[in-house]
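**Student:** Take this structure first; my questions come after.
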Amino acid sequence: MAKTKTVYYCQNCGYQSVKMLGKCPACGEWNTFVEEIVSKTDENKRGIKKREHKLLPKAITEIVRSEEDRINTHSLELNRVLGGGLVQGSVVLIGGEPGIGKSTLLLQVAMNMTGLRILYVSGEESYRQIKMRADRLGVLNENCFILNETLTTDIFKHINELQPDILIIDSIQTLYTDTLESSPGSISQIRETAAELQRFAKSANVAVFLIGHITKDGNLAGPKVLEHMVDTVLQFEGDRHYGFRILRSVKNRFGSASELGIFEMQANGLREVLNPSEILLSQRDEELSGVAIAAMLEGQRPMLIETQALAASATYGTPQRSTTGFDLRRMNMLLAVLEKRSGFRLGTKDVFLNIAGGIRVDDPAIDLAIVAAVLSSLEDIPVSNNVCFAAEVGLSGEIRAVTRIESRIYEAEKLGFEKIIISKFNLKGLDEKNHKIEIVAVSKIKNVVDVLF
Ligand code: TYD
Ligand code: MG
């Protein structure tokens, strides 16, 4: 007979407790415990079934690996983020805020992978809604099947009949298994259904995409265990007011975890952006003050991006500082360095900073461009259109070296820039004769001012 058992789960990290707790001992969050009823049936203890045949240990030299184990998704950007294509038998989790385009991305991928049998399980949208979306995308794949189902046992029944090559689940939060009594979307359900799908992927050697929702604070809804269970975690992000979407790999057992793909949401689906710099540099014919271009790296990809600053006298007592796409504290730090090391008075100025294109930047190499943009706005002297920057600024006003300077220089050169300003410490090992672009090396904030104006 089935026993019912109550367990308390932290909704933030999935920590399990037999009694209600105020503060989670694992992640330190408050009031995150929720009671969930777990019914244990005899044949299924937390979903772990007895294996029919034992797997024996194998010598690593005996294990054969087939070369064609990567599936081409027909999307260059997605292939890149996955590390060169989709690995058979792997589980890929795609997380993102509602409305960012997760369903669109995977449906589009499903429509383009002709020749493969795909099962798209949707617990969120009806057949007609999905068909409407597919019509919008403009391509239909006759080998793509849609299923409106949320109970995993039924899903597996259909999988057995259909024998798909690729399974897409939209979304993991809507699925439930009847071995548990808690409601869909609860930690124990997410954990259990994901575990069932993971076992299926490995045993049937079918690639599985899971769509996952994201909480307000940007974490994947559901326990951290979900991230541990899957092979690859991709984050789909972007500013909803701009069309650009970034697909970032956060974890990847089969490739680099810092790859990045860029898409643009259009009326007929997502377009791949193969040359990101083109869209991140705003089109302007005259030189404006307060604008500087940074040669930065996102993941492994070099791209040039525009930073815009506005420094104006504060009308009210306390000056305002605000940033879009950049860490506010870091900007305040840069402003303090600028004030202390170059004598510019910024204490009474409002400073606003914007990174073009709605992109968020963490690469420290953007520092120098930000400093240049602020100085340019302050002095109301434009920085030439043909100049770009790639260096970090340290607390004592020193200009620091950045990683992979060669690829930044190549990208700048490719886009027709005539001068790049870098740190003196990046010159080591750099063969300037290889480059047509003029390379200016600086070591202190003071030198930057001299170079600029
Ligand atoms: P959707 O894929 O439903 O997001 P998610 O699954 O992440 O919640 O994305 C929907 C948004 O994208 C919606 O606001 C409409 C827009 N969209 C387009 O702009 N063009 C299109 O071709 C499609 C299908 C959607
Ligand atoms: Mg969706």
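The values are calculated or read from the model by the stated rules, or taken from the named source; none is laboratory data. Predicted, not measured: the structure shown is a model, and the values here were computed from it. Counting neighbours? That spans all protein chains shown, and the Cβs are built from the backbone with ideal geometry, glycine included.
**Student:** Would you check if there is a residue in region 326-340 being among the polar types (S, T, N, Q) and either in the same structural domain as ARG80 (by TED's automatic domain parsing) or touching a helix residue (DSSP H, G or I) at 6+ places or on another chain (Cβ under 7 Å) (or both)?
**Tutor:** Checked against the condition, which is being among the polar types (S, T, N, Q) and either in the same structural domain as ARG80 (by TED's automatic domain parsing) or touching a helix residue (DSSP H, G or I) at 6+ places or on another chain (Cβ under 7 Å) (or both), region 326-340 yields no hits at all.
**Student:** Using beta carbons and a limit of 6 Å, which pairs, at least six apart or on different chains, have the first residue in region 196-220 and in the same structural domain as SER186 (by TED's automatic domain parsing) and hydroxyl-bearing (Ser, Thr, Tyr) and the second one within 16 Å of ligand 2 (Cβ to nearest atom) and at pLDDT below 90?
**Tutor:** Correct list of pairs: THR215/ALA221.
**Student:** What single numbered condition from (1) more than 19 Å from SER103 (Cβ to Cβ); (2) surrounded by fewer than 21 Cβ atoms within 10 Å (Cβ to Cβ) fails to hold for SER186?
**Tutor:** All conditions are met except number (2).
**Student:** So, LEU353, is that one surrounded by fewer than 20 Cβ atoms within 10 Å (Cβ to Cβ) and of a type in the set (A, V, I, L, M, F, W, C) or not?
**Tutor:** No, not satisfied.
**Student:** Right, here's the next one. Restrict the check to region 54-66 and report whether at least one residue is under 30 Å from GLY299 (Cα atoms), away from ligand 1 (no atom under 13 Å from the Cβ) and surrounded by fewer than 21 Cβ atoms within 10 Å (Cβ to Cβ).
**Tutor:** Yes; the residues of region 54-66 include at least one that is under 30 Å from GLY299 (Cα atoms), away from ligand 1 (no atom under 13 Å from the Cβ) and surrounded by fewer than 21 Cβ atoms within 10 Å (Cβ to Cβ).
**Student:** For residues that are at pLDDT below 90 and β-branched (Val, Ile, Thr), tally how many sit in region 208-254.
**Tutor:** Counting residues in region 208-254 that are at pLDDT below 90 and β-branched (Val, Ile, Thr) gives 5.
**Student:** For the structure I just gave you, tell me whether ASP239 is within 16 Å of ligand 1 (Cβ to nearest atom), surrounded by 17 or more Cβ atoms within 10 Å (Cβ to Cβ) and of a type in the set (D, E, K, R).
**Tutor:** No: the conditions fail for ASP239.
**Student:** Any residue in region 22-38 that is free of Cβ contacts under 8 Å to residues at least 40 places away in the same chain sitting within a Cβ distance under 6 Å of a residue that is of a type in the set (Phe, Trp, Tyr) and surrounded by fewer than 15 Cβ atoms within 10 Å (Cβ to Cβ)? List the pairs, counting only those 6 or more apart or interchain.
**Tutor:** Going by the 6 Å Cβ cut-off, the qualifying pairs are LYS23/TRP30.
**Student:** Pairs only if they're at least six apart or on different chains, beta carbon under 9 angstrom, first in region 87-116 and touching a residue at least 12 places away in the same chain (Cβ under 8 Å) and near ligand 1 (Cβ under 7 Å from one of its atoms), second in a strand (DSSP E or B) and of a type in the set (Ser, Thr, Tyr); list them, first residue then second.
**Tutor:** Sorted first by the residue in region 87-116, then by its partner, the pairs are SER103/SER122.
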